[in-house]
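These notes are about the structure you will find just below.
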Amino acid sequence: MSEAPSVLVEARDLKKHYPVRRGAFGRVVGTVRAVDGISLTLQKGESVGLVGESGCGKTTAARALLRLVEPTSGTVFFAGRSILEMDRHELRGLRRRAQMVFQDPFGSLNPRMTVGDMLREILGVHGLAASPRDADARIRRLLELVGLLPAHANRYPHEFSGGQRQRIGIARALSVEPEFIVCDEPVSALDVSVRAQVINLLKDLQAELGLTYLFIAHDLALVEHVSDRVAVMYLGRIVELAPARELYRDPKHPYTRALLSAVPNPDAARRGRRERIVLAGDIPSPANPPAGCPFYPRCPSPLKDDECRKVLPPLEEKAPARLAACLKVVPQARLAPFGPS
Ligand SMILES: Nc1ncnc2c1ncn2[C@@H]1O[C@H](COP(=O)(O)OP(=O)(O)OP(=O)(O)O)[C@@H](O)[C@H]1O
Ligand SMILES: [Mg+2]
């Protein structure tokens, strides 16, 4: 009998703004709206991809979601409990239940510790090993889970290849038996040839251990095969959220369409994908977002008009389970029952 899906993580109107300071006295001259009102729910066992250009706020959103930075406003619930109301003891529990895998495994591994010692230390801190023997057995099992050998426990981080190092980063995240893992561009720093291996490993682990993932990437192609749903971010907001397959088949938001058209995917031609849309201009600064639709200045849609320049589009349901923040995407219900003419 399958269990009814239950919510593991829920963010409501989450914001993280940073003050912009100038001069010797650090006078506040503005605000960077790194994350500007994100609402997102992750079901237990689900994998959600979070995609967008550099600087759109993906990492900040992930950090705010785990309270690694204090959100400016909004709420986050983890297993039904507001993480902003957690005391020190509860936060420690959260640190175990929710883990992060980083882009640069080298930067996040202690170069002076063998892999075995690093894992032993974490197991000790969280009281997860009953005895030194139990710790050794767990370390062996962790290395095996991520496709490394027991002997690798005696090596230092610099003695591994990039792909192997990322496997160690994954083993470290898994060592505390988390339920939720944020993978922040886990393969961006890796050679193209090993990316698929690490992605497949993450995917297999998710299935085997029943993990919930937030999978961050620049590139829509990377998250396609690991995500049940995909959220597309632009300037601190989610502009489209949809089941992965539908998002790739029929993107609603003009920004998603542009991102997809840039995906160098051999399948694209077969799937009859439209020609490449080149976005004019750079991503605007989150310190000075445009009024109205944040995507307006770069939007290639022939439908864009004065309304887009003035009105901030809400992220709303355009079709069942499909959200988009674009005034020019007509909700399907409004077209029914006759459909578009
Ligand atoms: N501690 C901070 N102080 C001030 N501004 C910050 C801080 N951290 C992030 N920002 C700004 O917030 C915005 C979002 O940054 P963030 O790192 O979340 O983007 P990202 O989508 O993860 O980018 P990338 O794909 O390059 O990792 C950027 O404009 C960044 O400069
Ligand atoms: Mg980032």
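In region 40-56, how many residues are over 16 Å from VAL230 (Cβ atoms) and either within 11 Å of ligand 1 (Cβ to nearest atom) or crowded, with 19+ Cβ neighbours inside 10 Å (or both)?
2
Name every residue in region 177-210 that is buried (at least 16 other Cβ atoms within 10 Å of the Cβ) and either without any contact (Cβ under 8 Å) to a residue 12 or more places away in the chain or among the aliphatic types (A, V, I, L, M) (or both), in order of residue number.
ILE181, VAL182, VAL187, ALA189, LEU190, VAL194, VAL198, ILE199, LEU201, LEU202, LEU205
So GLU53 fits all but one of (1) of a type outside the set (Gly, Ala, Ser); (2) within 16 Å of ligand 2 (Cβ to nearest atom); (3) out of contact with any His (no Cβ under 8 Å at 6 or more places or on another chain); (4) closer than 30 Å to LEU279 by Cα; what number is the exception?
Condition (3) is where GLU53 drops out.
For residues that are under 16 Å from PRO254 (Cα atoms) and either of a type in the set (Phe, Trp, Tyr) or loosely packed, with under 15 Cβ neighbours inside 10 Å (or both), tally how many sit in region 283-306.
Counting residues in region 283-306 that are under 16 Å from PRO254 (Cα atoms) and either of a type in the set (Phe, Trp, Tyr) or loosely packed, with under 15 Cβ neighbours inside 10 Å (or both) gives 5.
Are there any strands (runs of 3 or more DSSP E) wholly within region 23-83 with 2 or more residues that are more than 27 Å from ALA207 (Cβ to Cβ), and if so which?
27-43, 73-78
Can you tell me which residue among VAL28, VAL76 is of a type outside the set (Gly, Ala, Ser) and either at positive phi or buried (at least 16 other Cβ atoms within 10 Å of the Cβ) (or both)?
On inspection, the qualifying residue turns out to be VAL76.
Within region 298-325, which residues are touching a strand residue (DSSP E or B) at 6+ places or on another chain (Cβ under 7 Å) and either free of Cβ contacts under 8 Å to residues at least 40 places away in the same chain or in a loop (DSSP other than H, G, I, E, B) (or both)?
Selection gives LEU315, GLU316, GLU317, ALA321, ALA325.
Applying the selection to region 168-184, what residues are more than 13 Å from ligand 1 (Cβ to nearest atom), touching a Ser or Thr at 6+ places or on another chain (Cβ under 7 Å) and in a strand (DSSP E or B)?
Hit for region 168-184 is PHE180, nothing else.
Are any of the residues in region 129-137 surrounded by 15 or more Cβ atoms within 10 Å (Cβ to Cβ) and not in a loop (DSSP other than H, G, I, E, B)?
The answer is yes; a qualifying residue exists.
This table checks each residue for (1) over 24 Å from PRO186 (Cα atoms); (2) within 13 Å of ligand 1 (Cβ to nearest atom); (3) among the basic types (Lys, Arg).
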{"site": "PRO19", "(1), (2), (3)": "yes, yes, no"}
{"site": "ARG27", "(1), (2), (3)": "yes, no, yes"}
{"site": "THR60", "(1), (2), (3)": "no, yes, no"}
{"site": "ARG63", "(1), (2), (3)": "no, yes, yes"}
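Of the residues in region 64-104, how many are within 24 Å of ILE122 (Cα to Cα) and more than 16 Å from ligand 2 (Cβ to nearest atom)?
18
Do any helices (runs of 4 or more DSSP H) lying entirely in region 185-268 carry at least 2 residues that are of a type in the set (Gly, Ala, Ser), and which ones are they?
In region 185-268, the matching helices (runs of 4 or more DSSP H) lie at 192-209, 254-261.
Tell me which residues, restricted to region 26-48, are in contact (Cβ under 8 Å) with a residue 60 or more places away in the chain and not hydrophobic (A, V, I, L, M, F, W, C).
GLY30, THR31, ARG33, ASP36, GLY37, SER39, GLN43, LYS44, GLY45, GLU46, SER47
None of the figures in this text is laboratory data; all of them are computed from the coordinates on show. Just so it is clear, the model here is predicted, and its values are computed rather than measured. Counting neighbours? That spans all protein chains shown, and the Cβs are built from the backbone with ideal geometry, glycine included.
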